[in-house]
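Peer 1: A single structure is presented below for examination.
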Amino acid sequence: MAEDWTLEIKPKRRLLDIDLKGIWRYRDLWYMYVKRDFVTVYKQTILGPLWFFIQPIFTTVMYMFVFGGLAGISTDGAPKPLFYLSGIMLWNYFSECFNGASNTFTANAGVFGKIYFPRLIVPLATMTSLLIKLLIQLFLFIAVYLYYLRAGVNLSLNITVLLFPVLVLMLAFHALSWGLIVSSLTSKYRDLKYLVGFGLHLFMYATPIIYPLSVASGKIRAILELNPLTPIFEAVKYSCLGCGSFSWVGLAYSAAVMLVSLFISLIVFNQAERDFLDTV
């Protein structure tokens, strides 16, 4: 007699197989990961959540002293604290999302080897918890912004600021896609993570964070514009501070790179998911 099975385990047969139903079914696990990442980071520290504000403040002061003071790099007329703070918040979000996604397999091998759930929940939860951190730091940026407005500084806020949520999501999915590719590769080649960590620091200087794109010209500017993050950082500074440049073509280019890299990363991630426990 034929038996009715409640669950049938099958190998994946498609290159691009995203278990969206499974992710929704395990949404409570997603929430638990978000809560864990958000709560436990500063749980045993003295200052606790104040580090959400202390870190960007100290980094901004250091950038003002080194790049704005000693190096004399222009900020296109924008107040230095706002210029550096806007770039620092977004870059920290991108780099932490990237690092979280790139450690998906190596940092969770023990859990993955004991129980099944959609593996994408881990990097998605990291991206969500870091988004909460970004929103908290955004209040610091708004407070400094209001201070300069009250002081009579013309900051040229314009309607493109409405694109801020879209720009943040683009930044998040850039980090997610690149991180998934690195995670899939480092599950076999462990020493790659050291090269990637070094490259991430160099990549920060190829992104207009501590300088506006306007200071570059010729071939250097052309190279910087190839960076898909450049239009995002420039658009944020243009919308809030009136400096930098805004380009629909640049944002379309960034979105196209994001979609292609996300497609490739999901294929690579699904392939690595099948046998990563044999190599991690």
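The values are calculated or read from the model by the stated rules, or taken from the named source; none is laboratory data. Every value quoted in this text rests on a predicted model; they were computed, and no experiment measured them. All Cβ positions, even for glycine, are placed from backbone atoms using ideal geometry, and neighbour counts span all protein chains on display.
Peer 1: Keeping to the range 45-95, report how many residues are touching a residue at least 60 places away in the same chain (Cβ under 8 Å) and either part of a helix (DSSP H, G or I) or closer than 23 Å to His174 by Cβ (or both).
Peer 2: 19
Peer 1: Moving on to the next point. Somewhere in the range 113-121, is a residue modelled with pLDDT under 90, basic (Lys, Arg), more than 23 Å from Pro208 (Cα to Cα) and crowded, with 17+ Cβ neighbours inside 10 Å?
Peer 2: There is at least one residue in the range 113-121 that is modelled with pLDDT under 90, basic (Lys, Arg), more than 23 Å from Pro208 (Cα to Cα) and crowded, with 17+ Cβ neighbours inside 10 Å.
The rows are residues; the columns are (1) in contact with a helix residue (DSSP H, G or I) (Cβ under 9 Å, 6 or more places away or on another chain); (2) exposed (fewer than 15 other Cβ atoms within 10 Å of the Cβ).
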| position | (1), (2) |
| --- | --- |
| Ala175 | yes, no |
| Val182 | yes, no |
| Leu185 | yes, no |
| Arg190 | yes, yes |
| Val196 | yes, no |
| Leu202 | no, yes |
| Ile210 | yes, no |
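Peer 1: Cβ-Cβ below 7 Å, separation at least six or inter-chain, first residue in the range 165-192 and more than 18 Å from Asn92 (Cα to Cα), second charged (D, E, K, R) and surrounded by fewer than 21 Cβ atoms within 10 Å (Cβ to Cβ): which pairs?
Peer 2: Note: pairs meeting the criteria are Thr186/Lys193.
Peer 1: Let me ask something else. Just to be sure, is Ala107 surrounded by fewer than 22 Cβ atoms within 10 Å (Cβ to Cβ), aliphatic (A, V, I, L, M) and either modelled with pLDDT of 85 or more or out of contact with any Pro (no Cβ under 9 Å at 6 or more places or on another chain) (or both)?
Peer 2: Yes.
Peer 1: I'm trying to understand the selection: among the residues of the range 216-231, which are out of contact with any Leu (no Cβ under 9 Å at 6 or more places or on another chain) and buried (at least 16 other Cβ atoms within 10 Å of the Cβ)?
Peer 2: If the condition is that a residue be out of contact with any Leu (no Cβ under 9 Å at 6 or more places or on another chain) and buried (at least 16 other Cβ atoms within 10 Å of the Cβ), then Asn227, Pro228 are the ones that fit.
Peer 1: In the range 225-253, which residues are of a type in the set (Phe, Trp, Tyr) and not in a helix (DSSP H, G or I)?
Peer 2: Result: Phe246, single match.
Peer 1: Please work out which residue is farthest from the chain's Cα centre (by Cα), limiting yourself to the range 139-162 and to residues that are farther than 21 Å from Ile57 by Cα and β-branched (Val, Ile, Thr).
Peer 2: Restricting to residues being farther than 21 Å from Ile57 by Cα and β-branched (Val, Ile, Thr), the top hit is Ile159.
Peer 1: Further question: Taking the condition of being of a type outside the set (Phe, Trp, Tyr) and over 18 Å from Asp76 (Cβ atoms), how many residues in the range 191-218 meet it?
Peer 2: Final tally of qualifying residues: 13.
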